[in-house]
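The values are calculated or read from the model by the stated rules, or taken from the named source; none is laboratory data. Computed from a predicted model, the values in this text were never measured in an experiment. Backbone-built Cβ (ideal geometry, glycine too); neighbour counts: all protein chains shown.
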Amino acid sequence: MGPKILWVLLPLAVYAALLALVWRGKAPSRLALNVHSSLLLMAYLLTTAGLGLFWVANQQLPVFDWHYLFGYATLLLLSLHLFLNLPTALRWLRQRRSSAPAAAPTGPLPWRGAARQAGAVAAMALAFALGVHWGGRSAAPVPSLAAGGAEDGVRTVLQYHAASASSRSAVFGHAPPVDWGGQPAPFKSYPGLPQVALARATPALDGVRSLGAMLRAPAAHATAPGPAMLDITAVGQFLHLTAGVTARRGGLALRAAPSSGALFPGELYLQVRRVQGLQPGLYHFDADAHRLARLGGLPAGAGGPDLLLVVGAVFQRTGYKYRNRAYRYVAADLGHLLENARLAAHYVGARAELPPLFDEMALAQVFGLDGRQEGVIAVVALNGRAGAAGGLPAASAPRASPPPLDLGVTGSVHAATSLAPAPPPPLAAAAGAGPLIALPPGEQAAMDLARVILQRRSQRRFTTQPLPLQQLSSMLAEMAQAPLLSGALQADLVLNRVAGIQPGVYRYLPGRHALQAVALGDFAAQARQAALDQDVIGDAAVVLLLSADSAQALRSGARGYRMAFLEAGLMGERWLLGAVARGLGACPVGAFYDDEAAQLVKAAPGRWVLHFAALGQVAPD
């Protein structure tokens, strides 16, 4: 923040120095101060308006949204005041330049005022046109997938990631813009179909289903409580903890899993085969009303788990605001949701699996989705104790990807990552070169899982108190579970205030439960700048950065790209829940400059930073 303020104040400082030389200790008149402040204000107004319009056009932001309207009205009124005051300022300047008294004006020339206003409008129009022109340029054309070959898919993923990357130096090169339209409805519902009311989750008091215990599942699932067969009460609790509404504030329905910009692109569908109290069939979960809509019966010959949760994404909910970066945010958001689903399934006594291979278009057709505006992202297979092990029926052999969606590069990358071979075993993460710091053994979070999820909210204000090393160690131990969808991820941390550890950038080595120094020193300002100068990152005691080795992620094909972002969301959600369970504050951040983030953690070439998350002691309101 400091350098920005200096740049903003620099013109004022230069102007003050010039005035000091001109007046040489004499106090300026009231009229002179009025004139000079008006001229400075005009310069700042034009700069602010020009930059604002440029970025609105360049980033394809909504030009007239509620949080812009008062700013636009203020600029309009200020412009009117300055234009009315401008003739006085100009006359005063002409009088200063001339030794002779200025002749009284014989009357205003009507065309001058109109010309000045037309010039200002033309300047603003030019700024907007430049933003549209440069914002519409394509740094690397992202092809549509016609044949859908494996090499084409990987190439599309690489080009999409480059085209959707943010950087200060790459402001003028983006993927071609898409007309996303306005903000769609936050919920999807089927009011004309039969509805099934559901129970909500309430925190337990037995202490058995704590966050720490649920994170140990399924290894400890044999001793976890729960019925032999899933019932409708358990399904309602499961859905509530996965993606249900947990708070309503300022007209927003906040959910169990976090979402970029509180846009919540996810929609949940259920294929029910064996749930007590719930007729077999296909269902949609209405999170707003917390009920199920019955879409129809099971397809002929349908097999698989007791309950198959299908996670869809309405891309427009995120894309209308975040544009071509939307697919990154959608995948990470739904990764958070999937971790909630996994833990919530264990909470109600079910076994949960996340199959990496499934046919997106086949599932979309089963549930009546177009597969374009709303695509299938992931599935979760749930079985009760008496249910069959495993989950999803065998998927068909890899075939050509479905046609690209009608959403530009977002559609292309979703198509490229659809239906590909299962990922190979993970490779070991490369170790850094600095000294190792052994961490104390982690302590399990004792708070009830339902209470943790229902209390979770993103915290953006932190105190300056250091974080105890034991708490950081416990959170890292809980986060570093065996990979569920991608083994390509690596966790780096910017430690600003951790008791007993020198500030710096560190790499977490889960196999050794240790930190390895990457660079020592104060990197808080650099982390803030990399995260688009967001205070939540600069003020945090700890900043978590998750990155993926692109070569390792794409070894099995383009599908690895989606799996890497989902895995980042899974890990990020464990980080957030662990913070809540320990009375700490945490906040995920998806907006950052890709190149600066990679430089911050000294990432090797080909390593992508996917996710930021802040952690610290919560500041009082």
Please list, ordered by first then second residue, the pairs with beta carbon atoms under 8 Å, 6 or more apart or interchain, first in segment 404-423 and among the acidic types (Asp, Glu), second modelled with pLDDT under 85 and part of a loop (DSSP other than H, G, I, E, B).
-> ASP406/ARG372
When both residues are 6+ apart or on different chains and their Cβ atoms are under 6 Å apart, which pairs have a first residue that lies in segment 294-314 and is touching a residue at least 60 places away in the same chain (Cβ under 8 Å) and farther than 22 Å from PRO191 by Cα, and a second that is assigned to a loop (DSSP other than H, G, I, E, B) and not basic (Lys, Arg)?
-> GLY303/PRO393; GLY304/LEU392; GLY304/PRO393; PRO305/GLY391; ASP306/LEU230; ASP306/GLY384; ASP306/GLY387
Hey, among the residues in segment 355-369 that are under 25 Å from the mean Cα position of the chain (by Cα) and surrounded by fewer than 20 Cβ atoms within 10 Å (Cβ to Cβ), which one's farthest from ALA199 (Cα to Cα)?
-> LEU357
Considering each residue of segment 270-298, count those that are aliphatic (A, V, I, L, M), assigned to a strand (DSSP E or B) and under 28 Å from GLY411 (Cβ atoms), and give that number.
-> 4
What is the residue count in segment 148-176 for residues that are buried (at least 16 other Cβ atoms within 10 Å of the Cβ), modelled with pLDDT under 80 and closer than 28 Å to GLN599 by Cα?
-> 3
For GLY583, indicate whether it is crowded, with 24+ Cβ neighbours inside 10 Å and among the small types (Gly, Ala, Ser).
-> no
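State all residues of segment 187-217 that are in a loop (DSSP other than H, G, I, E, B) and either modelled with pLDDT under 90 or touching a Lys or Arg at 6+ places or on another chain (Cβ under 7 Å) (or both); if no residue qualifies, say none.
LEU193, PRO194, LEU198, PRO203, ALA204, LEU205, ASP206, GLY207, VAL208, ARG209, ALA217
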Give the number of residues within segment 542-584 that are touching a Pro at 6+ places or on another chain (Cβ under 9 Å), among the charged types (D, E, K, R) and assigned to a helix (DSSP H, G or I).
-> 3
Reported set for segment 467-487 where residues are among the hydrophobic types (A, V, I, L, M, F, W, C) and assigned to a loop (DSSP other than H, G, I, E, B) is ALA480, ALA482, LEU484, LEU485
Test: residue in segment 236-245 that is in a helix (DSSP H, G or I), more than 27 Å from GLY281 (Cα to Cα) and out of contact with any Ser or Thr (no Cβ under 7 Å at 6 or more places or on another chain) | no
Quickly run through segment 586-614 and pick out the residues that are over 16 Å from the mean Cα position of the chain (by Cα) and surrounded by 24 or more Cβ atoms within 10 Å (Cβ to Cβ).
-> LEU600, VAL601
Taking GLN617, is it among the polar types (S, T, N, Q) and under 26 Å from ALA446 (Cα atoms)?
-> yes
With respect to ALA551, is the statement that it is more than 15 Å from the chain's Cα centre (by Cα) and aliphatic (A, V, I, L, M) true?
-> yes
